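The values are calculated or read from the model by the stated rules, or taken from the named source; none is laboratory data. Predicted model, so just to flag it, every value in this text is computed and none were measured. Here Cβ is always computed from backbone atoms with ideal geometry, including for glycine, and neighbour counts include all displayed protein chains. Surface areas here come from the heavy atoms of the whole protein model, side chains and all, with no ligands, DNA or RNA. Shrake-Rupley method; radii C 1.70, N 1.55, O 1.52, S 1.80 Å.
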Amino acid sequence: PQAQIKEFGAITNIDFSPVAPHNFAVTAFTRIHIYGPFSQEPVKTFTRFKDTAYCGRFRSDGQLLVAGCEDSVVRLFDVSGKVALRMFKGHTKAVHVTDFTSDRYQILTGSDDYTCRLWDIPNATELNTYQEHTDYIRCGVTSKLNRDLFITGSYDHTVKLFDARVDKSVMTMDHGQPVESLLLYPSEGLLVSAGGRYVKVWDLLKGGQPLVSLKNHHKTVTSLCLSSNGQRLLSASLDRHVKVYNTTNYKVVHNFDYAASILSLALAPDDESIVVGMTNGILSIKHRKSPEESKEISGQQRRRPSYRVFVKGKNCVPKQDDYLVSKPVRQHLAKYDKQLKKFNVSKALDTALETWTRLKKPEITVAVIKELDRRGTLKNALAGRDEQELSRLLSFLIGNLVDPRFAPVLVTATEMILEIYQSVVGQSAVVDRQLLRLQELLEREIDYQQDLLEVLGMLDTMFATSLPRKEVPCSGISRSNGLAQGEASTSQLQAT
């Protein structure tokens, strides 16, 4: 489910309270609205800004909120109150970066006057100023593990790590583009920076060594966030996309599309919702479906079409006047048939002479030769072969020529081969050897045939002499003289 809320201007920052019920602060134009997880209306509004507000962030106890402003003043609010508890003055230009240190007693700010400053909350005083960047400071984060460490990103393309115990930065990384957003991993060994079309990951434990550079957006990347288990990194861009990366290999595993350019992005602490702020002042809140709900929906989706498909028309019987259209059965042709169809006669024969076919299914090879002969193209298919191909042909003939099933077809092919290749006899020892074997085979076969004919002749004579003659009875006529039986008996009597 998705909710959309219209704000008064472009939404530059979204920050979730670390404390349940995890309300979130939305900074847009001159106000900061605080929304509940499912509220359509703000539960709290801070409007005491003389100009555009920036970077409304909660303290780790969820009780205080700090924000910068175009008028260079930093304001600290009690979440349950209305008026600013403290106002920190000292910057000379707009303050785009505000955050609390991990001990909760100090505030980090970064400004368009190129400086970042640390402030003491109880005394409302400035503790330190760092002026190392040479352009606007538009993003920054404080360490959650060490109250003295913080990182800033600037439009001068650099990311700097500061230690409050030292007067200057302790590490500098060059992002290569104006830096728009920074993110520290929970372990704080890795830092992610976004700017231009790039999202870059740096290894802080190895002195700020670059690990990966991701270029998946086609416009400026404006915001970053990390899932609660650290397995998914999200980046939002002016190209209206939110990309979701797997943090083990930094491959994009998901993509969300939005209606307008995205300026800010945040995930609820339990990853139950993703909140996106756009340039057109629309706040989009996507809630994750509960496991039961998603299971139910996916189950329904999976079951419905398949059930419909199986049931539809299962018991349908054609009526008397129906015209039944039978589905054409798709023919799957063998390789040699496809080549015969295209009139590639040599290729068809080559395919039929492949080792497996030649040895296991010689009848297929013979059938192809027979078909080529029927078409009158056998000579073309046999001609133009090199020593190896001719040798393969001859070895097939030697193996199958005397097979009574194949002899009529293969004798024709053998005659053609001898006719075509008689001019090359004597040029190849291999072919000559095979031709001699073929000759011996034929001579032996002719001898066998002659011997067989002689044996058949002998057998015929033996059968003719040994078999008794069968008398064919003729009804009513004596075999001796052709007279009727009665007449024969009288004449015999007279004779006696």
Exercise. Can you list residues whose amide H is under 5 Å from residue 264's amide H, if they're 5+ apart or on another chain and H is modeled 1.01 Å from N?
Worked result: 277
Exercise. Tell me, what is a quarter of the convex hull surface for the C-alpha atoms of segment 12-121, in nm² with one decimal?
Worked result: 6.1 nm²
Seminar exercise, completed: Kirkwood Rh over alpha-carbon pairs of segment 69-185 plugged into Stokes-Einstein at 25 °C, 0.890 mPa s gives a D in µm²/s of 172 µm²/s
Exercise. Between segment 399-450 and segment 378-397, how many Å separate their Cα centres?
Worked result: 12 Å
For this session: Using only Cα atoms, figure out Rg for segment 11-51 and give it as a multiple of 2.2 N^0.38 Å.
Result: 1.13
Problem set entry | Per-residue ³J(HN,Hα) for segment 379-384, Karplus 6.51 cos²θ - 1.76 cosθ + 1.60, θ = phi - 60°, Hz, x for Gly and Pro | 4, 4, 5, 7, 6, x
For this session: Could you give me the percent of Cα pairs per 10 Å distance bin for segment 108-249, shortest bin first, beginning at zero and ending with the bin that holds the maximum distance?
Result: 12, 43, 34, 11, 1
Problem set entry | Projected-area average for the chain over all orientations - Cα convex hull basis, square nanometres | 54.9 nm²
For this session: Quantify, in whole percent, the carbon and sulfur part of the accessible surface of the chain (1.4 Å probe; protein heavy atoms only).
Result: 53 percent
For this session: Could you work out the Rg to Rh ratio of segment 172-251, with Rh taken as the Kirkwood radius (inverse of the mean 1/r over all Cα pairs)?
Result: 0.93
Problem set entry | Tensor-based shape of segment 326-462 (alpha-carbon gyration tensor, a/c under 1.5 rounded, otherwise prolate or oblate) | oblate
Problem set entry | Accessible area expressed per residue, the chain, with surrounding protein chains retained (probe 1.4 Å, Å²) | 58 Å²
Exercise. Residue farthest toward the positive end of the dipole of the chain, with Cβ of Lys/Arg at +1 and Asp/Glu at -1: which of 282, 228, 179?
Worked result: 282
For this session: Find how many whole Å separate the alpha carbon centroid of segment 1-52 from the alpha carbon centroid of segment 341-365.
Result: 76 Å
Exercise. In segment 1-104, which chymotrypsin sites (Phe, Trp or Tyr not before Pro) fall in coil by DSSP and have 14 or fewer other Cβ atoms within 10 Å?
Worked result: 8, 38
For this session: For residue 211, list long-range residues whose amide hydrogen, built 1.01 Å from N in the peptide plane, is under 5 Å from its own amide hydrogen.
Result: 201, 202, 203
For this session: List the extent of the Cα atoms of segment 369-419 along each of their three principal axes, largest first, rounded to whole Å.
Result: 29, 24, 16
Seminar exercise, completed: Measuring from the longest principal axis of the C-alpha atoms of the chain, the long axis of helix 387-400 (C-alpha) lies at a number of degrees, nearest 10, equal to 50 degrees
Exercise. For the chain, with only Lys/Arg (+1) and Asp/Glu (-1) charged at the beta-carbon, what is the dipole magnitude about the Cα centre, in debye rounded to 20?
Worked result: 1580 debye
For this session: Rounded to whole Hz and in sequence order, give me ³J(HN,Hα) for segment 155-163 from the Karplus expression 6.51 cos²θ - 1.76 cosθ + 1.60, θ = phi - 60°, writing x for Gly and Pro.
Result: 6, 7, 6, 9, 10, 10, 9, 10, 10
Problem set entry | Amide H partners (placed H, <5 Å) of residue 86, local residues excluded | 76
Exercise. On average, how much area does the Cα convex hull of segment 43-100 cover when viewed from any direction, in nm²?
Worked result: 3.7 nm²
Problem set entry | Table column - 3J(HN,Hα) (Hz), segment 75-90, Karplus curve with 6.51, -1.76, 1.60, x for Gly and Pro | 10, 10, 10, 8, 4, 8, x, 10, 7, 5, 5, 9, 10, 9, 10, x
